[in-house]
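What follows is calculated from the coordinates using simple rules that are stated; it is not laboratory data. What you are looking at is a predicted structure, and each value in this text was computed from that prediction instead of being measured. Using ideal geometry, Cβ is built from the backbone for each residue, glycine included, and neighbour counts are taken over all protein chains shown.
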Amino acid sequence: MYKILVIDDLKPIYLTVNKILSEKNCEVHYAENGNKGIQMASVEIFDLILLDVNMPDINGIEVCRIIKKNSAYQHIPILFLTSDSASLTKGFEAGGVDYIIKPFNENELTVRVFTQISLSVRQIQLEQEKKILTEDLTLKEVDLIGMKKELDHYFYQTSHRLRAPLNSIRGLLQLIKYESPDIFNSEYIQLCIDSFEKMVYTNEQMSQIGYIRDVTPAMESIKLNEYITQIIEKDFSGNKIIQVDIPSELKVLADIRLLSCGMKPIIANALFYTSFCDKPKKEIKIIAEKSGANTILKITDFACGIVENRLDKLKEMFYVGDLNSNGNGLGLYISEMALNKMNIKLKIESVLNEGTTAHVIF
């Protein structure tokens, strides 16, 4: 049974509505003025309100506006009863959904009332379904956050637990080298050593992934020239083909360890492509410049470049962009992950037969 509220200063209107709708499974209530209607709507929730526009104490448009402030009436339809449709624009702006011109007939009243009740019921159902879906998505989001933490923990713990047996294997290989050099220098042992070193390298990268996912960046001011020079000296044996031209006063905000995770694979890639490219000029340039609020660090090799259909995939996990590579496709994936953690962007551009530039945008 639907509950209908009629707010009208003319009781015959209520009596007519009650006669028509009470026969159609409706319980019709009556308020003789606007203030009474507001009071009744605040105490009880009706399925639909029929509201006279012109009343002596407070007009129907204002009554509608006040009732609609109650969140319970967000989707409850209010229909205006009026003999003049001129002011209905303001009524719709106040929250009304339809109107019935006085005098009205039974069919018109019935169709308009039950059409709006059906729409209201469906809207309320949709809102409830939306709420349930939102709650479900929230629970799933919590589950995903938990799974992510478990995955981060897995990366770290797995690499940590592999480190001890890998170190044991390295120690055993050293013993073979000293005690049985002939065996150590055999082709099969050397192949085992190559595979072992790749395993160690991959394990260290997985450890980095776990660290990057878990860490909260500790941002600090870094002198870019000094920092890049230290990386080249420490991790790339001061490779002479790498030329650094960065203003000594240029500083950026970054987490040093995360920045190292981001920069080393980029420089290593530049060295790899330079070494395999058959060009007389073997050179890598690292420069930096200000561009508005940004600082852009550019690492450029002058090698053979990368074909366009491979360029977009370079930062994907496990993608190996060159058949000559002995890497595992994690380097630039780690670079972008580490840089993104600090809101630093990585953009790679390449021209075939001319070279590749990595743009690190602070």
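With 32 Å as the limit, the listed pairs Lys177/Lys313; Lys285/Lys341; Lys68/Lys131; Lys11/Lys131 have Lys177/Lys313; Lys11/Lys131 beyond it between alpha carbons. Using a cut-off of 14 Å between beta-carbons, work out the net charge of the residues near Met342 (Lys and Arg +1, Asp and Glu -1, Met342 not included). Summing Lys and Arg as +1 and Asp and Glu as -1 gives +1. Mind checking which aspartates and glutamates have their Cα closer than 13 Å to the Cα of Lys315? Skip sequence neighbours fewer than 8 apart in that chain. Partners found: Glu336, Glu349. For the stretch 76-226, averaging the sequence separation of C-alpha pairs within contact (under 8 Å, six or more residues apart) and dividing by the residue count gives a relative contact order of 20 percent. Think of the stretch 220-362 as a dipole: +1 on every Lys or Arg Cβ, -1 on every Asp or Glu Cβ, centred on the Cα centre; then among Ala338, Phe236, Leu253, Leu253 lies furthest on the positive end. Between helix 256-276 and the chain there is an angle of about 60 degrees, using the helix long axis and the longest principal axis of the Cα atoms. The angle separating the long axis of helix 11-21 from the principal Cα axis of greatest extent in the chain is about 60 degrees.
With Cα atoms as the point set, the radius of gyration and Dmax of the stretch 220-361 evaluate to 14.3, 41 Å. Placing +1 on the Cβ of each Lys and Arg and -1 on the Cβ of each Asp and Glu in the chain, which of Ala72, Ala41, Gly355 has its Cα farthest towards the positive end of the resulting dipole? It is Gly355. Its Cα centre serving as origin, the chain has a Cβ charge dipole (Lys and Arg +1, Asp and Glu -1) of approximately 660 debye.
Here, the chain yields an orientationally averaged convex hull projection of 31.3 nm² when only Cα atoms define the hull. Residue order for Asp182, Asp235, Asp47, fewest other beta carbons within 10 angstrom first, comes to Asp182, Asp235, Asp47. Within the shell defined by Cβ-Cβ distances under 12 Å, the residues around Lys279 carry a net charge of -2, with Lys and Arg each +1 and Asp and Glu each -1. For Lys24, which aspartates and glutamates qualify as cross-link partners when the Cα separation must be under 18 Å and same-chain residues fewer than eight apart are set aside? Straight-distance partners of Lys24: Asp47, Glu106, Glu108. Partner aspartates and glutamates whose Cα lies under 12 Å from the Cα of Lys281, excluding those fewer than 8 positions away in the same chain, are identified as Asp301, Glu354. Among Glu187, Glu204, the order by Cβ neighbours within 10 angstrom, fewest to most, reads Glu187, Glu204. The C-alpha atoms of the chain define a longest principal axis, and helix 187-214 lies at about 30 degrees to it. Only helices enter this figure: runs of n ≥ 4 DSSP H residues, each worth -39500 (n - 2.57), summed and divided by the residues of the chain, yield -18000 deg cm²/dmol at 222 nm to the nearest 500.
Note on Thr89 and Thr138: their simple-model spin labels are 4.1 nm apart, each label 7 Å out from Cα toward Cβ.
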